[in-house]
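Working notes, beginning with the structure itself.
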Amino acid sequence: MAYTIRIREQVVPKYTQRPGPGKIVERLNPVPIIPPPSPGATLIWSDLSGIYEADPAKRLELWEDPQGLLNDAAALAECPALKVAIIDKIKQLRAVALDKATRSPGVSAIYAENYFAAVEYQAGRPESLTKAGMTAEVHLTGLAANLNMTAPQFADYIIKENRRVGPPLYDIEGEYTRLAYAVIPLSQSIPEIMAAPAQFQQFCGL
């Protein structure tokens, strides 16, 4: 497949002024609709969150384009936000799936950073970073101290607790970890990356 990445022009000014009932009303300047980059091109992803801003990284469109000049690897190199957006989507599905499996909104917290840190630690990757920027070892050591445990003991506890709560939770978290920390970051296939949320949704039975 071939792709085209199009950077949309910044829409300025952000607001337009129009007469209103007894005052001037400010409204967002509409985003213009423009034709595809070539006949037959299909928009497969976009981030126009900064269409009114100067940052071009927030004015991107990714097109599957028969006349495109980019292959998968080149398109992904120029559009790193795509993988971030897909992982975020999977995270949202994961939260829904964990909540559905437990019927308790708070339980999913157990299966977030603690589980990631425990898995990485036991897999021999103690330097893997959590969202907070701590290594898995530092993350586990701090929490383990509250329970008078060592980091290895706490990692073992977290993983066993995960399995005790139920296989569905363990499987959901395992599939999330596989996709978010291995498949998507390493993939050089846009179709594989784009298909991941639907596959995870089906896996979770949502």
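Worth pointing out:
- The set of residues in the stretch 74-88 that are open to solvent by less than 40 Å² (accessible area, probe 1.4 Å), assigned to a helix (DSSP H, G or I) and among the hydrophobic types (A, V, I, L, M, F, W, C) comprises ALA74, ALA75, LEU76, ALA81, LEU82, ALA85, ILE86, ILE87.
- Failed item in (1) out of contact with any Ser or Thr (no Cβ under 8 Å at 6 or more places or on another chain); (2) modelled with pLDDT under 90, with PRO191 passing the rest: (2)
- Against the test of being of a type in the set (A, V, I, L, M, F, W, C), open to solvent by less than 30 Å² (accessible area, probe 1.4 Å), more than 30 Å from PRO185 (Cβ to Cβ) and out of contact with any Asp or Glu (no Cβ under 6 Å at 6 or more places or on another chain), the options VAL31, VAL11, VAL25 yield a single qualifying residue, VAL11.
- ASP156 falls short on exactly one of the conditions (1) touching a residue at least 24 places away in the same chain (Cβ under 8 Å); (2) in contact with a Pro (Cβ under 9 Å, 6 or more places away or on another chain); (3) charged (D, E, K, R), and that condition is (2).
- Checking each residue in the stretch 149-181 for being at pLDDT below 90 and open to solvent by 80 Å² or more (accessible area, probe 1.4 Å) picks out TYR157, LYS160, ARG163, ARG164, PRO167.
- Looking across the stretch 37-73, the residues that are surrounded by 15 or more Cβ atoms within 10 Å (Cβ to Cβ) and either among the aliphatic types (A, V, I, L, M) or part of a loop (DSSP other than H, G, I, E, B) (or both) come down to PRO37, ALA41, ILE44, GLY50, ILE51, TYR52, ARG59, LEU60, LEU62, ASP65, GLY68, LEU70.
The values are calculated or read from the model by the stated rules, or taken from the named source; none is laboratory data. All values derive from a computational prediction rather than experimental measurement. Backbone-built Cβ (ideal geometry, glycine too); neighbour counts: all protein chains shown. Ligands, DNA and RNA are excluded from the accessible area calculation, which covers all protein heavy atoms including side chains. Shrake-Rupley method; radii C 1.70, N 1.55, O 1.52, S 1.80 Å.
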